[in-house]
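A short worksheet on the structure shown next.
The values are calculated or read from the model by the stated rules, or taken from the named source; none is laboratory data. None of these values were measured; they are calculated from a predicted model. Note that we place each Cβ from the backbone using ideal geometry, even for glycine, and neighbour counts take in every protein chain shown. Protein only, heavy atoms only, side chains kept; ligands, DNA and RNA dropped before computing areas. Shrake-Rupley method; radii C 1.70, N 1.55, O 1.52, S 1.80 Å.
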Amino acid sequence: MTTRADTLQLATRGSDLALRQAATVRDLLSGRRLSVELTEVETTGDQIRDELIHRLGKTGAFVRSLDEKVIAGELDAAVHSMKDMPTERPDNLVVAAVPERAAPGDVLVTPDGSDLADLPEGATVGTSSLRRRAQLLAERPDLTVEPLRGNVDTRVEKLLAPSLQREHQERHEAEQERKEHAGAEDDDYEFPYDEDVEAWFDSLAELERRAMERDPDTEYDAIVLAKAGLDRAGLTHHVGTVDLPLDTFVPAPGQGALAVTAVDGDLAEDISDRIDDPQTRVETTVERTILAELGGGCVAPIGVYATLEGGVVHTNVRVLSRDGDEEVRVGRDLPVERHIDAAVDLAAELADRGAADLIAEAKRDAGAADDDASTAREEDEA
């Protein structure tokens, strides 16, 4: 294993967002005089690209492969999005550090910056998250919520593709019409654009040009993403975004936070001393404790958001049915000096008030969906 005089080998997924997140941790550690080198590791989640997140098997499809390298001693530590981490982990592996949290909430992303209330009746919204789907339907039952997977760039490209392609076609047709009218006397035709189609295309960002080449199966009016992911990917300025209210669209436990895992010992303590943020640690511990106690994993729509202020941890929890028709919601101030025990007690109260029933129903629905998907795959292979 590495010592303070060596270069720490830090495991990360190879996606652009994961590399940016790992670079953030690297820079934090480097700023505290620890040399760090990033090593890309392919995960199960990366290998299965045509399945929704909640069908990837056990929670942690993007996590286990990295942590296995750490446990085996091949790499020193790993960087994860905390919301992707399973609540259970090997006994000798610890969350060595939780750096200061980025924006925790979700954003509605549209080509023109429309708010949720402004979307037309029956609008199509894309998300892979069961939580976001249930919360959207609870707010707007008329919406059509369709699956959406891929890295952040891919999701934004799928959103932008139809409108950009339509504009390209309209500009092209306008140019053809202008050519037909060229040289004609007494012609009152006015070209409706300030620039020709070639100049317009040259003005597009690289992301928009890639979107132009896509052939999306679904045309989305909007998509929902984590604000932190969109910000970290550097894409916020390419699209219109509206922050969704945290009290209604309660984030996933740990959303916006990063976690650095390492084998329990001196190195883990060293990493913690350098970059662990005590406030984020308390808040995410409360959130993940409630999730673990409820046992919803990634198959039930559960939002938990905690904020530490003074001596209390303001905690909001929202557990929904998968269709958003039913829910159990609680807001509570937990004492920081016993925040873990208080989180356990709050989870028990939620379970008694009906959250356990909603989660059990969600698990049954998830099993039926997996059976249907498996049958469909077998019929396709036949």
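When both bridge partners sit in the chain, DSSP labels roughly 75% of those beta bridges antiparallel. Over the stretch 125-261, what is the mean sequence separation of C-alpha contacts under 8 Å (at least six apart), divided by residue count, expressed as relative contact order in percent? Result for the stretch 125-261 is 34 percent. Taking the chain as a Gaussian network, Cα atoms linked when under 10 Å apart, which of Gly331, Gly256, Gly31 shows the biggest mean-square fluctuation? Judging by the Gaussian network model, the answer is Gly31. Within the listed set Leu235, Leu19, Leu148, the residue fluctuating most in the Gaussian network model of the chain (springs between alpha-carbon atoms under 10 angstrom) is Leu235. Taken one residue at a time, the phi angles of the stretch 108-122 give Karplus couplings (6.51, -1.76, 1.60, θ = phi - 60°) of 8, 10, 9, x, 10, x, 5, 7, 4, 5, 7, 5, x, 3, x Hz. Gly and Pro are set to x. Close amide H pairs (under 5 Å, H built 1.01 Å from N) link Ala123 with Thr144, residues at least 5 positions away or on another chain.
Accessible area per residue (1.4 Å probe, heavy atoms of protein chains only) ranks Tyr193, Tyr220 as Tyr193, Tyr220, with the largest value leading. Less than 5 angstrom separates the built amide H of Ala11 from those of Thr39, Asp76, Ala77, Ala78, Val79, all sequence-distant by 5 or more or on a different chain.
Okay, helix-only estimate at 222 nm for the chain: each DSSP H run of n ≥ 4 adds -39500 (n - 2.57), divide by all residues, round to 500 deg cm²/dmol; what do you get? Theoretical 222 nm ellipticity from helices: -12500 deg cm²/dmol.
Taking all Cα pairs closer than 8 Å and separated by 6 or more residues, the relative contact order of the chain comes to 22 percent.
Ordered by 1.4 Å accessible area with all protein chains kept, Val239, Val263 run largest first as Val263, Val239.
Here the stretch 94-233 is treated with +1 on each Lys and Arg Cβ and -1 on each Asp and Glu Cβ, and its dipole about the Cα centre works out to around 1740 debye. I'd like the orientation of helix 130-139 relative to the chain: the angle between its Cα long axis and the longest Cα principal axis, in ° from 0 to 90, rounded to 10. Result, in degrees: 60. For Lys363, the lysines whose Cα comes closer than 29 Å to its Cα, not counting residues fewer than 8 places off in the same chain, are Lys58, Lys83, Lys227.
Measuring only protein heavy atoms, the 1.4 Å probe finds His237 accessible over about 140 Å².
Across the chain, the longest run free of exposed loop sites, meaning GluC sites (Glu not before Pro) lying outside DSSP classes H, G, I, E and B with no more than 12 other Cβ atoms within 10 Å, spans 214-382. Computed about the Cα centre, the dipole magnitude for the chain is approximately 2060 debye when only Lys and Arg (+1) and Asp and Glu (-1) carry charge, each at its Cβ.
Taken one residue at a time, the phi angles of the stretch 194-205 give Karplus couplings (6.51, -1.76, 1.60, θ = phi - 60°) of 7, 9, 6, 5, 5, 5, 4, 4, 5, 7, 6, 6 Hz. Gly and Pro are set to x. The heavy atoms of Lys179 offer some 140 square angstrom of accessible surface to a 1.4 angstrom probe. Model label sites at Asp16 and Val336, defined 7 Å from Cα along the beta-carbon direction, differ in position by 3.8 nm. A dipole drawn for the stretch 96-143 from +1 and -1 charges on Cβ atoms has a positive end, and of Gly122, Val98, Ala138 the residue lying farthest that way is Val98. Applied to the stretch 12-26, the Karplus parametrisation 6.51 cos²θ - 1.76 cosθ + 1.60 on θ = phi - 60° returns per-residue 3J(HN,Hα) values of 8, 5, x, 5, 4, 5, 4, 5, 5, 5, 5, 5, 4, 5, 4 Hz, with x for Gly and Pro.
Per residue, the Cα convex hull of the stretch 78-158 amounts to 133 Å³. In plain terms, the chain from Asp273 to Val312 could stretch by 11.6 nm, reckoned as 0.36 nm per residue minus the Cα-Cα distance. Under 5 Å between amide hydrogens, built in the peptide plane, is the criterion, and for Gly240 it picks out Thr110, Asp112, Gly113 among residues at least 5 positions away or on other chains.
The gain in end-to-end length when the Ala205 to Lys363 segment is fully stretched comes to 52.7 nm, 0.36 nm per residue minus the alpha carbon separation. Extending 7 Å from the Cα toward the beta-carbon at both Thr248 and Val344 defines two label points whose distance is 3.6 nm.
Simple point charges give the picture: +1 on the Cβ of Lys and Arg, -1 on the Cβ of Asp and Glu, and for the stretch 106-171 a dipole about the Cα centre of about 360 debye.
The residue among Val224, Trp200, Ala211 whose Cα reaches farthest toward the positive pole of the charge dipole of the stretch 181-237, with charges on the beta-carbon of Lys, Arg, Asp and Glu, is Val224.
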